[in-house]
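To start, the structure itself, in structure tokens.
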Amino acid sequence: MSATVSALVSSLKCSGIRAIMDLALGMDDVLRLEVGEPLFPTPPHIVEAACRAARDGYTKYTANAGLPSLRRAIVDRIERDYGVVRAPENVVVTVGGLGAISTCLRTVADIGDEVLIPDPGWPNYEMIVLAIGAVPRRYRLDPANACLPSPRDLEGLLTSRTRAVVVNSPSNPLGTVFPRALVEELVKFAGERGLFLISDEVYDRIVYEGEHTSALSFDTGGNVISVFSLSKTYAMTGWRVGYAIADKSVAVEMCKIQEAYVACAPSVSQKAAEAAIEGPQDSVKVMREAYRENTRVAMEILDRHGVGYQAPRGAFYLWIDVGREDSAEFAKELLLREHVSVAPGGTFGPSGERRVRVSLASPRESIREGLTRMTRFLGK
Ligand code: PLP
């Protein structure tokens with residue numbers, strides 16, 4: 001008799017980005033604009049610190065919550081950047097920002113509980129919520145409200161099963177950056193209703209206009225779990241280090257999930273993360289400026305051809321209105337005919353149909369040529 005896998009797991013679907021990626025990987029000469037992967041290598045001083053750490057014996061398990069020295073470095077950085085004072089016990093070092101989000105969602109939601117997630121929003125939010133047996137409820141990021149969350153809309157979605165609201169600023173895919181007053185309002189909203197506010201801040205250092213406000217700045221009741229990552233800031237996607245900052249009582253519970261799933265983040269990567277956070281920050285600025293210039297180049301091409309988009313203030317994506325109902329079909333056709341891969345908008349939520357997302361962390365020449373081919377494909 002053959003064994004069967006979990007019905008829940010077999011009902012999960014991979015994201016539409018993965019489908020395009022898999023197709024692109026089987027083709028030659030594709031201009032890859034679908035994945036949010038920094039074009040830069042990890043800065044050499046970080047790589048060197050990792051090599052040194054491996055030689056020095058950082059090759060073993062660490063505590064579930066991470067190396068004490070890294071947790072201390074994180075506490076210092078959060079105070080330096082946001083004036084927020086926390087203790088190492090508030091920090092859980094995770095396997096990427098993704099590990100932080102999945103660990104904290106598993107920690108706060110039981111099977112059948114509801115979690116509010118953005119539409120459009122990063123596809124993994126929905127996947128994680130479904131994977132833990134909880135129920136995703138989408139709240140709209142309405143262009144009529146500058147594509148920002150509206151506490152009034154959130155209120156209308158609450159039920160007795162709602163446990164958490166996931167917010168993301170700077171936003172993937174929209175590039176919006178929440179005004180400070182909105183961040184304060186969202187923290188208050190969650191606090192007054194006994195909900196967790198899971199604040200995905202992985203693009204906090206990639207802001208072109210205005211400045212990032214951490215939700216931690218306003219948390220007095222322990223309702224906020226802020227998530228950060230080394231992946232985008234330091235071009236360290238493959239090292240898999242992120243972290244969550246939460247109330248101590250929540251952090252303790254998160255560590256149990258870490259232990260059950262992964263034990264800890266990789267030790268060598270944790271030492272690399274420490275060097276990244278404590279070392280020179282010039283490369284962060286160099287990368288941000290390159291993404292800013294890529295954004296300018298991309299917007300100039302789209303303007304010239306009369307293609308609409310959402311001008312980003314942060315993160316490194318362009319959310320483009322291609323005006324085709326079936327974004328997955330559009331992305332597939334564009335790939336097969338023009339050898340340009342983009343992320344289909346529908347995979348970010350129902351409001352993403354008619355749109356595609358392009359990564360501005362790709363090489364400039366690929367962006368220039370890829371968008372030129374896309375406008376030609378659109379008949380513009
Ligand atoms: N949150 C958002 C909005 C993202 O776009 C990503 C990666 O694309 C992540 C979190 C997680 O990144 P990582 O797990 O590499 O830190």
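Using Cα springs under 10 Å in a Gaussian network model of the chain, which residue among 88, 179, 344 shows the largest mean-square fluctuation?
Taking springs between Cα atoms under 10 Å, the residue moving most is 179.
log10 I(q)/I(0), Debye, Cα-only segment 1-129, no solvent, q = 0.21 Å⁻¹?
Each listed q maps to, in turn, -1.29.
Over segment 257-380, what is the mean sequence separation of C-alpha contacts under 8 Å (at least six apart), divided by residue count, expressed as relative contact order in percent?
In percent, rounded to a whole number, it is 23.
Test of understanding: express the Cα radius of gyration of the chain as a ratio to 2.2 N^0.38 Å, with N the residue count.
0.97
Using 0.36 nm times the number of residues separating residue 40 and residue 159, minus their current alpha carbon distance, what extension gain do you get?
Answer, rounded to one decimal: 38.4 nm.
Test of understanding: in a Gaussian network model of the chain with alpha carbons linked when under 10 Å, which of 274, 209, 353 would top the mean-square fluctuation ranking?
Among 274, 209, 353, the largest GNM mean-square fluctuation belongs to 209.
What's the local net charge at residue 248, with K and R +1, D and E -1, over the other residues with C-beta under 13 Å away?
Values: positive: 71, 86; negative: 89, 219, 247, 253.
Taking every other residue near residue 248 into account, the sum is -2.
Highest first, please rank the peptides 32-40, 9-17, 308-316 by the mean number of other Cβ atoms sitting within 10 Å of their residues.
With the highest mean Cβ count within 10 Å placed first, the list reads 308-316, 32-40, 9-17.
Taking a threshold of 27 Å on the Cα-Cα distance, which of the pairs 60/256; 256/285; 232/271 fall above it?
Going by Cα-Cα distance, 256/285 fall outside the 27 Å limit.
Label points 7 Å out from Cα along the Cβ direction at residue 85 and residue 336: separation in nm?
Roughly 6.2 nm, to one decimal.
Would you mind telling me the share, in percent, of accessible area of segment 44-278 contributed by carbon and sulfur at probe 1.4 angstrom?
51 percent
From the helices alone, meaning DSSP H stretches of at least four residues, give me the mean residue ellipticity at 222 nm for the chain, per-run term -39500 (n - 2.57), in deg cm²/dmol to the nearest 500.
-13000 deg cm²/dmol
Restricting to DSSP loop positions (anything but H, G, I, E, B) with no more than 14 other Cβ atoms inside 10 Å of their own Cβ, which chymotrypsin sites (Phe, Trp or Tyr not before Pro) remain in segment 157-253?
Passing both the DSSP loop test and the Cβ count: no residue.
Just name one of 93, 83, 45: the one whose Cα is farthest towards the positive end of the charge dipole of the chain (beta-carbon charges, Lys/Arg +1, Asp/Glu -1).
Projecting each Cα onto the dipole axis, the largest value belongs to 45.
Whole Å is fine, so just give me how far the alpha carbon centre of segment 59-103 lies from that of segment 248-265.
Segment 59-103 and segment 248-265 have Cα centres separated by 12 Å.
Check residue 340: other-chain or 5+ apart residues with amide H under 5 Å from its amide H, H built from backbone geometry?
Amide H neighbours of residue 340, under 5 Å, 5+ apart: 31, 335.
Would you mind classifying segment 180-252 by shape? Square roots of the alpha carbon gyration tensor eigenvalues, ordered a ≥ b ≥ c; an a/c under 1.5 is rounded, otherwise it is prolate if a/b is larger than b/c and oblate if not.
It comes out oblate by the Cα gyration axes.
Under the Kirkwood approximation applied to all pairs of distinct alpha-carbon atoms, what is the hydrodynamic radius of segment 135-293 in Å?
17.1 Å
Report relative contact order for the chain in percent, whole number only (criteria: Cα-Cα under 8 Å, sequence separation at least 6).
26 percent
Under a Cβ-Cβ cut-off of 11 Å, what is the net charge of the residues other than residue 227 that fall near it, where Lys and Arg count +1 and Asp and Glu count -1?
Surrounding charge for residue 227 is -3.
Measure out, as a whole number of angstrom, how far apart the alpha-carbon centroids of segment 288-313 and segment 115-173 sit.
First find each Cα centre; the distance between them is then 27 Å.
Roll a 1.4 Å probe over the protein chains and send me the accessible area per residue for the chain in Å².
43 Å²
Under 19 Å Cα to Cα from residue 188, which aspartates and glutamates show up? Leave out anything in the same chain fewer than 8 places away.
Within the straight-line cut-off, residue 188 pairs with 153, 155, 200, 201, 219, 247.
Top mean-square fluctuation among 322, 108, 262, Gaussian network model of the chain, C-alpha springs under 10 Å?
Comparing 322, 108, 262 in the GNM, the peak value goes to 262.
Rounded, prolate or oblate: which one fits segment 329-380, using the alpha carbon gyration tensor with axes a ≥ b ≥ c (rounded when a/c is under 1.5, else prolate when a/b beats b/c, else oblate)?
Note, shape of segment 329-380 comes out oblate.
Could you work out how far the C-alpha centroid of segment 182-231 sits from that of segment 1-51, in angstrom?
What the calculation gives is 27 Å, centre to centre.
Pulled fully out, how much extra length does the chain show between residue 51 and residue 7, if you take 0.36 nm times their separation in residues and subtract their Cα-Cα distance?
11.6 nm
What share of Cα pairs, in percent, lie more than 17 angstrom apart in segment 56-200?
65 percent
Output wanted: per-residue J couplings in Hz (rounded whole) for segment 148-162, from phi through Karplus 6.51 cos²θ - 1.76 cosθ + 1.60, θ = phi - 60°, x for Gly and Pro.
For segment 148-162, the Karplus curve yields 10, x, 10, x, 5, 5, 4, 4, x, 9, 6, 10, 5, 9, 5 Hz.
The values are calculated or read from the model by the stated rules, or taken from the named source; none is laboratory data. Fair warning: this is a prediction, and the values are worked out from it, not measured in the lab. No Cβ is skipped: glycine too gets one built from the backbone with ideal geometry, and neighbour counts run over all protein chains shown. SASA here: full protein model, heavy atoms, side chains in, ligands and nucleic acids out. Shrake-Rupley method; radii C 1.70, N 1.55, O 1.52, S 1.80 Å.
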